1. I'm trying to understand the selection: among the residues of region 115-142, which are without any contact (Cβ under 8 Å) to a residue 60 or more places away in the chain and within 13 Å of the ligand (Cβ to nearest atom)?
2. Determine whether region 194-211 contains at least one residue that is on the phi < 0 side of the Ramachandran plot and assigned to a loop (DSSP other than H, G, I, E, B).
3. Is it the case, given these coordinates, that residue 263 is free of Cβ contacts under 8 Å to residues at least 60 places away in the same chain and among the small types (Gly, Ala, Ser)?
4. Restricting region 219-242 to residues that are open to solvent by 70 Å² or more (accessible area, probe 1.4 Å) and assigned to a loop (DSSP other than H, G, I, E, B), which is nearest to residue 136 (Cα to Cα)?
5. Name the residue, out of 86, 72, 67, that is closer than 23 Å to residue 205 by Cα, within 10 Å of the ligand (Cβ to nearest atom) and of a type in the set (D, E, K, R).
6. Could you tell me which of the residues 50, 24 is over 19 Å from residue 119 (Cβ atoms), touching a residue at least 40 places away in the same chain (Cβ under 8 Å) and of a type outside the set (Gly, Ala, Ser)?
7. Keeping to region 155-167, report how many residues are free of Cβ contacts under 8 Å to residues at least 12 places away in the same chain and either surrounded by 14 or more Cβ atoms within 10 Å (Cβ to Cβ) or under 14 Å from residue 211 (Cβ atoms) (or both).
8. Given the condition within 16 Å of the ligand (Cβ to nearest atom), hydrophobic (A, V, I, L, M, F, W, C) and open to solvent by 50 Å² or more (accessible area, probe 1.4 Å), answer yes or no: does some residue in region 186-203 qualify?
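The values are calculated or read from the model by the stated rules, or taken from the named source; none is laboratory data. These numbers were taken from a predicted model, which means no experiment stands behind them. Here the Cβ positions follow ideal geometry from the backbone for every residue, glycine too, while neighbour counts run over all protein chains shown. With ligands, DNA and RNA removed, areas are computed over all heavy atoms of the protein, side chains included. Shrake-Rupley method; radii C 1.70, N 1.55, O 1.52, S 1.80 Å.
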Amino acid sequence: MSSSSRRVALVTGSNKGIGYAIVRGLCKQFDGDVILTARTESNGQDAIKRLNGEGLHPKFHQLDITDKASIDRIGQFLKSTYGGLDILVNNAGISYKAAATTPFKEQAEVTLATNFWGTLNACNTLFPLLRPHARVVNVSSMVSQFTAKKCSKELQNKFTDPDLTMANVEQLMTEFVSSAKDGSFRQKGWPESAYGASKVGVTLMSFVQQKQLNSESREDIIVNACCPGYVDTDLTSHKGTKTIDEGADTPLYLAMLPPNTNSPKGNFVSERKIGTLL
Ligand SMILES: NC(=O)c1ccc[n+]([C@@H]2O[C@H](COP(=O)([O-])OP(=O)(O)OC[C@H]3O[C@@H](n4cnc5c(N)ncnc54)[C@H](OP(=O)(O)O)[C@@H]3O)[C@@H](O)[C@H]2O)c1
């Protein structure tokens, strides 16, 4: 097989935590190259060395999903090296600690910039490269459900509108941040959770992406959002009860869905089971 038709999988934020375990799993299960990415080159190279020690050989490429130039560079690299993309796992994410003293308005802007806008920008650049039968996994969280349940009825009706568009989702996220900044977020129907709002955005984004792909000619491209469970990582201050490999189970299952799968497709999945946002 020439390198330009070689299959390829990419995982964002995979120098540590769940993303690292997803790379480890893909190296074992996926017939193609696996790209481990990190925003900091040295952290990525260290992770590659650790996996090499286990006899696994992912490739490395820098990727910061908040940096448009970095996203463009990896897009160019994929296009020139592989001519496409077969698996995209949008795993990179951040969360302020409960005890953080950073003002809520700043937490809202910074969290959304990575978890929502960074993920969306990466998708917008990389989706044109998806080949038929490609699988996209957006690592969201059950916190999107907890948060959606605490939102106003008016917001909830928007979340569940079958005609929801990406412009609507973007507007909801923009309004969340602006209302966090001017202090009106409660009046606008949002609870005080920047992480939760960002993950509502990731879950809704995934539903809309599947609708968009269904209307295209490229066949059998599947997008799902998922929750990895409560995992022992830096993000949870190591309070999570699952190992990173247990947390990687559902994302890996979704990344490896066989050709022409009908379900899950455009869903939210937790413990390999389909759930709803509300
Ligand atoms: N752990 C849980 O219980 C849990 C539960 C539900 C959902 N999740 C979700 O699972 C995903 C992985 O979380 P985790 O627990 O494995 O956290 P983690 O150990 O903190 O790892 C997060 C990864 O994302 C990377 N990252 C952060 N900002 C980035 C950016 N702008 N560009 C590229 N990479 C970036 C981090 O890179 P650095 O090393 O440079 O910081 C790191 O590699 C997140 O989306 C999280 O919200 C986790």
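1. 117, 118, 121
2. no
3. Against the criterion (free of Cβ contacts under 8 Å to residues at least 60 places away in the same chain and among the small types (Gly, Ala, Ser)), residue 263 qualifies.
4. Ranking the candidates gives 219 first.
5. Sole residue among the options that is closer than 23 Å to residue 205 by Cα, within 10 Å of the ligand (Cβ to nearest atom) and of a type in the set (D, E, K, R): 67.
6. Matching residue, one of 50, 24: 24.
7. Qualifying residue count for the region: 4.
8. Among the residues of region 186-203, not one is within 16 Å of the ligand (Cβ to nearest atom), hydrophobic (A, V, I, L, M, F, W, C) and open to solvent by 50 Å² or more (accessible area, probe 1.4 Å), which makes the answer no.
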